[in-house]
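Novice: Got a structure here, written out as structure tokens. Questions coming.
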Amino acid sequence: MLALATSSGVGLADGSGDAAPVKDENGKYFDKGGNPTYKIKSDGTVDWYTYSGYRRYHSECHVCHGPDGEGSSYAPALKDSLKTMSYFDFINVVVGGRKNVNTASENVMPAFGTNPNVMCYLDDIYVYLRARANGAWGRVRPEKHDDKPQAAAQAENVCMGTK
């Protein structure tokens, strides 16, 4: 499943870099470094993948990391983490997990590499959090979004094993 998330020759710039989309592949946007990114139109319409990332984040990640990536007493604010974390590091942590232990605390991020509800939407979650990290999207559900591209539906069916 990881191959799906990294199949676009993705660069390694951090999430806070220039998030301007320069490439569009069937409604999926990439920045100049090849990292997945978001596109928000002047009327507030978000691209499908950012909207999907909002939905997936809130179904799988917010329990620990708080609503809208704001963090909690249990886990860090991912909207802040993505200000310095590279796309590659984000993937590694989500897929393999992370354990930070010191004398004051023990924080454990479980591995989600076998969870299709995360892995099939890893780029979506990343672009949503990237939009949050860059201040491009606030703490609200996107009211308007692009339609789901056919390529997204096909990739989802393949990844989830439904077709």
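Please treat every number below as a calculation from the coordinates, not as lab data. These numbers come from a predicted model, not from an experiment. Positions of Cβ are generated from backbone atoms using ideal geometry, with glycine treated the same way; all protein chains shown enter the neighbour counts.
Novice: Once amide H atoms are placed 1.01 Å from N in the peptide plane, what residues at a sequence separation of 5 or more from Phe112, or on another chain, have their amide H within under 5 Å of its amide H?
Specialist: It is Val95, Gly96, Gly97, by chain and number.
Novice: Over segment 67-163, what is the relative contact order in percent, taking alpha-carbon pairs closer than 8 angstrom and at least six residues apart?
Specialist: 26
Novice: Taking a cut-off of 21 Å between Cα atoms, list the lysines near Lys99, but don't count ones fewer than 8 places away on the same chain.
Specialist: Of all the lysines, those that pass the test against Lys99 - Cα under 21 Å, at least 8 places apart if same chain - are Lys79, Lys83.
Novice: What FRET efficiency would be calculated for the residue pair Ala151, Asn100, taking the C-beta separation as r and a Förster radius of 35 Å, to the nearest 0.05? If you can, show how the numbers build up before the last one.
Specialist: Numbers: r = 37 Å, r/R0 = 1.05.
For Ala151 and Asn100, the calculated efficiency is 0.45.
Novice: Going by alpha carbons, how many degrees (0 to 90, nearest 10) lie between the helix axis of 87-96 and the longest principal axis of the chain?
Specialist: Taking Cα atoms only, the helix is inclined about 60 degrees.
Novice: Scan segment 72-163 for GluC sites (Glu not before Pro) in coil per DSSP, keeping those whose Cβ has at most 14 other Cβ atoms within 10 Å, and list them by number.
Specialist: Hits after loop and neighbour filter: Glu143.
Novice: Can I ask one more? If I take every Cα pair under 8 Å that is 6 or more residues apart in the chain, average their sequence separation and divide by the length, what percent do I get for the relative contact order? Mind dumping the intermediate values first?
Specialist: Details: 278 pairs, mean separation 46.8, N = 163.
The normalised contact order for the chain reaches 29 percent.
Novice: To test your reading of the geometry: what angle, between 0 and 90 degrees and rounded to tens, separates the Cα axis of helix 122-133 from the longest principal axis of the chain?
Specialist: 80
Novice: List the pair-distance distribution P(r) of segment 2-160, using every Cα-Cα distance, as the percent of pairs falling in each 5 Å bin from 0 up to the bin containing the longest distance, rounded to whole percents.
Specialist: Bins of 5 Å from zero give 2, 9, 19, 25, 21, 15, 6, 2, 1, 0 percent of pairs.
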